[in-house]
């Protein structure tokens, strides 16, 4: 980080004299540049430094210790939010207001003693403004043992009541644009876990992690292959699609058959690992834009991979297999790392709205609804769906209130044979091969999934759809013979073979039929202009009406002087 010689202003003799007076020094030079050098050398004197630090007001001491615990620097917006703002004013107003004599915040206590400076540093989120202790001062403090080794409590109130902040004039504070080679390391994250263990109430109703996302993935991929809309699953379909894209199983436009084949044929443990690894390293999977209850206008770069990696690092120190309070974890992130996804603490340039009423969520006051909601979604969504965290809540169906690393195996042994009925029903156990269920699904109509199995039914329509994709009934028979629990019902085998040879041999359909009282009425209608709306004659007084044409036929009957009544399905 920059040193005193880089942070003390070399063009503001008034500020330098304020610093000197608070340190009990008297500058010998009236030239600002020379005075800055003189002051930089004097402030690193060990005895003088110890005297100044030890006599700091309580608020200033707490702020200095907080900076020290973060390796001497933290984002400026976070520091100012915690320890108060710095009133920026020109020399004239500074002389009148004398903020060094009556500081309005702990920040001002440190600022006018040159124990605090601020500058823009390059980070992985772009340039960001930081509060920091000048490097040579920080080294001298550590050498003298003036800094704490444990985390301080929140900053106490100032000993004197602050006066109202003055209106800002042209800033005179130092804002350095630090080159990349002087940029400090990322913020140090303590090995101490954030938050606290869960209370008994927070872990009352437990929801263990599982590998059921694999079953949803198989369902979704089969639906996509067949051109169908996926049924409702545990993981929302749009999120599941992004997870499969992250795992390189599909693109924005199409499936990747070879990758899907390898995924479905892999052992369940390996298949789950493919999804986990793809998600964790994805640049495109954007959890923020998936948070329920939020909508987004325009485009902005919230760098989801950087945010994800940071939050995962915060989870690492948590004790294995111990239930942990979700509320306290989120609260402590807000206290320590509130700006974890915000470049330079910007809470205004992202156009995020509350879905319920369309209100824009801007400013730090919306942190819980946006940033806090993102943390909750990450834990209760992807991390749980991917089998990485168990969840619990105060009662069944209530929102999650605690989490922990899984204690039970996620991937039970695969197995289970298929059951085939004589009327075309096929029951596939959940733990049967994903590749087998994927193929079965392409031949069948889908029935609602159950907890531990997937029911399907073979119909003429499903076989026709399969044939259009290059699949034959003999392929289905071969697949079933290999994985069925017993021999296939002969009638089912015969039906598949006949369909393969003859196609559809019977059809059940709904028809609209016209019935008249006398054959003469039907002949009269057949001779009229309404004849084109008539279909197959079923008898001397009965004829099929073309779909959607019953109103035209009734109009034609009226022209013939015959009033007809209609009784269709759904009508009384």
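List pairs: first residue in the stretch 90-102 and more than 15 Å from residue 22 (Cβ to Cβ), second residue surrounded by 11 or more Cβ atoms within 10 Å (Cβ to Cβ) anywhere in the structure, Cβ distance under 6 angstrom, at least six positions apart or on different chains.
As it stands, the answer is 90/169; 90/172; 91/14; 93/169; 97/166, since those pairs meet every condition given.
Residues that are in a loop (DSSP other than H, G, I, E, B), in contact with a helix residue (DSSP H, G or I) (Cβ under 8 Å, 6 or more places away or on another chain), buried (at least 19 other Cβ atoms within 10 Å of the Cβ) and touching a residue at least 24 places away in the same chain (Cβ under 8 Å): does the stretch 222-231 have at least one?
Checked against the condition, which is being in a loop (DSSP other than H, G, I, E, B), in contact with a helix residue (DSSP H, G or I) (Cβ under 8 Å, 6 or more places away or on another chain), buried (at least 19 other Cβ atoms within 10 Å of the Cβ) and touching a residue at least 24 places away in the same chain (Cβ under 8 Å), the stretch 222-231 yields no hits at all.
Among the listed residues 41, 65, identify the single one that is in the same structural domain as residue 146 (by TED's automatic domain parsing), within 18 Å of residue 105 (Cα to Cα) and at pLDDT 90 or above.
Just a single option satisfies the conditions, and that option is 65.
Quick one: residue 273 ticks every box in (1) out of contact with any strand residue (DSSP E or B) (no Cβ under 8 Å at 6 or more places or on another chain); (2) not in a helix (DSSP H, G or I) except a single one, so which number is it?
All conditions pass for residue 273, except number (2).
Within the stretch 286-300, which residues are assigned to a loop (DSSP other than H, G, I, E, B) and in contact (Cβ under 8 Å) with a residue 60 or more places away in the chain?
Selection gives 287, 291, 292, 293.
Of these, 400, 455, 429, which one is under 33 Å from the mean Cα position of the chain (by Cα), assigned by TED's automatic domain parsing to the domain that holds residue 232 and surrounded by 15 or more Cβ atoms within 10 Å (Cβ to Cβ)?
Being under 33 Å from the mean Cα position of the chain (by Cα), assigned by TED's automatic domain parsing to the domain that holds residue 232 and surrounded by 15 or more Cβ atoms within 10 Å (Cβ to Cβ) holds for just one of 400, 455, 429, which is 400.
For the stretch 490-527, give me each residue that is crowded, with 16+ Cβ neighbours inside 10 Å and at pLDDT 85 or above.
492, 493, 495, 496, 512, 514, 516, 521, 522, 524, 525
Yes or no: the stretch 191-208 includes at least one residue that is in a loop (DSSP other than H, G, I, E, B), modelled with pLDDT under 80 and more than 23 Å from the chain's Cα centre (by Cα).
Scanning the stretch 191-208 turns up at least one residue that is in a loop (DSSP other than H, G, I, E, B), modelled with pLDDT under 80 and more than 23 Å from the chain's Cα centre (by Cα).
May I ask you to list the residues in the stretch 414-451 that are in a loop (DSSP other than H, G, I, E, B) and in contact with a strand residue (DSSP E or B) (Cβ under 7 Å, 6 or more places away or on another chain)?
416, 417, 424, 430, 432, 444, 447
Quick test for you: out of 243, 283, pick the one residue that is more than 20 Å from residue 446 (Cβ to Cβ), assigned to a helix (DSSP H, G or I) and within 21 Å of the chain's Cα centre (by Cα).
243
Those residues that are under 16 Å from residue 519 (Cβ atoms) and touching a helix residue (DSSP H, G or I) at 6+ places or on another chain (Cβ under 7 Å), I need them from the stretch 532-563; list them, please.
Of everything in the stretch 532-563, those that are under 16 Å from residue 519 (Cβ atoms) and touching a helix residue (DSSP H, G or I) at 6+ places or on another chain (Cβ under 7 Å) turn out to be 534, 540, 541, 543, 557, 560, 562.
What helices (runs of 4 or more DSSP H) completely inside the stretch 1-57 contain at least 3 residues that are touching a helix residue (DSSP H, G or I) at 6+ places or on another chain (Cβ under 8 Å) and either crowded, with 19+ Cβ neighbours inside 10 Å or free of Cβ contacts under 8 Å to residues at least 60 places away in the same chain (or both)?
Because the criterion is at least 3 residues that are touching a helix residue (DSSP H, G or I) at 6+ places or on another chain (Cβ under 8 Å) and either crowded, with 19+ Cβ neighbours inside 10 Å or free of Cβ contacts under 8 Å to residues at least 60 places away in the same chain (or both), the helices (runs of 4 or more DSSP H) in the stretch 1-57 that meet it are 13-22, 32-42, 46-54.
Here are some conditions: (1) touching a residue at least 12 places away in the same chain (Cβ under 8 Å); (2) closer than 30 Å to residue 334 by Cβ. Residue 61 meets all but one. Which one does it not meet?
Only one criterion in (1) touching a residue at least 12 places away in the same chain (Cβ under 8 Å); (2) closer than 30 Å to residue 334 by Cβ is unmet by residue 61, namely (1).
Can you name the condition, by its number, that residue 392 falls short on among (1) more than 30 Å from residue 222 (Cα to Cα); (2) part of a strand (DSSP E or B); (3) at pLDDT below 95?
The number of the failed condition is (3).
Give 435, 373 a once-over and let me know the one that is in contact (Cβ under 8 Å) with a residue 12 or more places away in the chain, more than 21 Å from residue 239 (Cα to Cα) and either out of contact with any helix residue (DSSP H, G or I) (no Cβ under 6 Å at 6 or more places or on another chain) or surrounded by fewer than 18 Cβ atoms within 10 Å (Cβ to Cβ) (or both).
Result: 435 is the single residue among 435, 373 that is in contact (Cβ under 8 Å) with a residue 12 or more places away in the chain, more than 21 Å from residue 239 (Cα to Cα) and either out of contact with any helix residue (DSSP H, G or I) (no Cβ under 6 Å at 6 or more places or on another chain) or surrounded by fewer than 18 Cβ atoms within 10 Å (Cβ to Cβ) (or both).
In the stretch 72-112, how many residues are in contact with a strand residue (DSSP E or B) (Cβ under 9 Å, 6 or more places away or on another chain) and not in a helix (DSSP H, G or I)?
Looking only at that region, the number is 5.
Would you mention how many residues in the stretch 301-321 are loosely packed, with under 15 Cβ neighbours inside 10 Å and assigned to a loop (DSSP other than H, G, I, E, B)?
Selection size over the stretch 301-321: 6.
The values are calculated or read from the model by the stated rules, or taken from the named source; none is laboratory data. Quick caveat, the model's predicted, so the values are computed rather than measured. Note: ideal-geometry Cβ built from the backbone for every residue, glycine included; neighbour counts use all protein chains shown.
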